[in-house]
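Please read the structure below before turning to the comments.
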Amino acid sequence: MSVAIMQPYFFPYLGYFQLVQAVDDFVFYDDVMFIKKGWINRNRILMQGREFLFTIPLEKQSQNKTIRESTVAWGPEFPGKFIVQLESAYKKAPHFDQVMPLIRGLLTQQPASMAELAGQSIELVWQYLGLEKRFHYSSELADNQAEGRAERLIHLTKKLGSSQYINALNGQSLYEKDFFAAKGVDLSFIRPTLLPYAQGKSDDFTPGLSMIDVLMWNEPNRIKQMLANYTLE
């Protein structure tokens, strides 16, 4: 049994989904502070062969708001303009007719919380691929938030009945394996591999785009193979 705990991002890049693939239980870390100008409500797609940064608009953000407390600014700009941008960017992609209705359906639900919108986008991809995973929100897992950052991750891992925690690679600068081991948890870090795939008429491959790009250009079985392209350290 293994656990990963990450902030929920809106249709994040493939490496995020490889982390989901690597564990039995995935926790959306939604009761931590929202980081402005991060990747929670922003990502990149390919628009006419060039990178295009999109942003999910939020209601006025006060300081010290968690991701769960951050609310989406639904209106004429979003999702209307965003849908038009996606249609313009991917209308000729081979899987547009299968993927675009899923995205429209998600946006039609208009969940108030950014955490829910992002978390649902990730779960939607998993369902589309026909895969199963146990997803959780940290705000729904009662635990002691007064603990330190590493201690809380350890506590959540154990609460889910696991002794193995897998973190993103950049966590190597934050967490030490010996510290986790002393608390009875085996800590590993995931190193993603982003193999190139055809992106329409674009001559050069642009890695690390939103999962939307991967979904539009690749069939589900190929995406499942991509999910397994990682190593644990």
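Label separation (HIS155 vs ILE35): 2.2 nm, computed from points 7 Å beyond Cα along the C-beta direction. Per-residue packing, averaged as other Cβ atoms within 10 Å, sorts the ranges 203-209, 226-232 into the order 226-232, 203-209, beginning with the highest.
The chain has equivalent-ellipsoid semi-axes of 30, 22, 15 Å, by the square roots of 5 times the alpha carbon gyration tensor eigenvalues, sorted largest first.
Taking the Cα centre of segment 101-233 as reference, the dipole from Cβ charges on Lys and Arg (+1) and Asp and Glu (-1) amounts to some 180 debye. Sequentially through segment 101-118, phi angles give Karplus couplings (6.51, -1.76, 1.60; θ = phi - 60°) of x, 5, 5, 4, x, 4, 5, 5, 5, 6, x, 5, 7, 4, 4, 5, 4, 5 Hz, Gly and Pro residues having no value and appearing as x.
Neighbour counting of Cβ atoms within 10 Å sorts the residues LEU58, LEU107, LEU174, fewest neighbours leading, into LEU174, LEU58, LEU107.
Here the sum of -39500 (n - 2.57) over DSSP H runs of 4 or more residues, divided by the residues of the chain, equals -10000 deg cm²/dmol at 222 nm, to the nearest 500.
Restricting attention to the chain, the count of lysine pairs at 8 or more positions apart or across chains with alpha carbons under 22 Å apart stands at 18. Extending 7 Å from Cα along the Cβ direction at ASP143 and again at GLN48 yields two label points whose distance is 4.6 nm. Taking θ as phi - 60° and the Karplus parameters 6.51, -1.76 and 1.60, the scalar couplings of segment 183-197 work out to 9, x, 10, 8, 9, 10, 10, 9, 10, x, 10, 10, 6, x, 9 Hz in sequence order, x denoting glycine and proline. Placing +1 on the Cβ of every Lys and Arg and -1 on the Cβ of every Asp and Glu, with nothing else charged, gives segment 3-232 a dipole about its Cα centre of roughly 400 debye.
All of the numbers you see were taken from the coordinates with simple rules; none came from a lab. Fair warning: this is a prediction, and the values are worked out from it, not measured in the lab. Cβ coordinates were reconstructed from backbone atoms using ideal geometry, including for glycine residues, and neighbour counts include every protein chain displayed.
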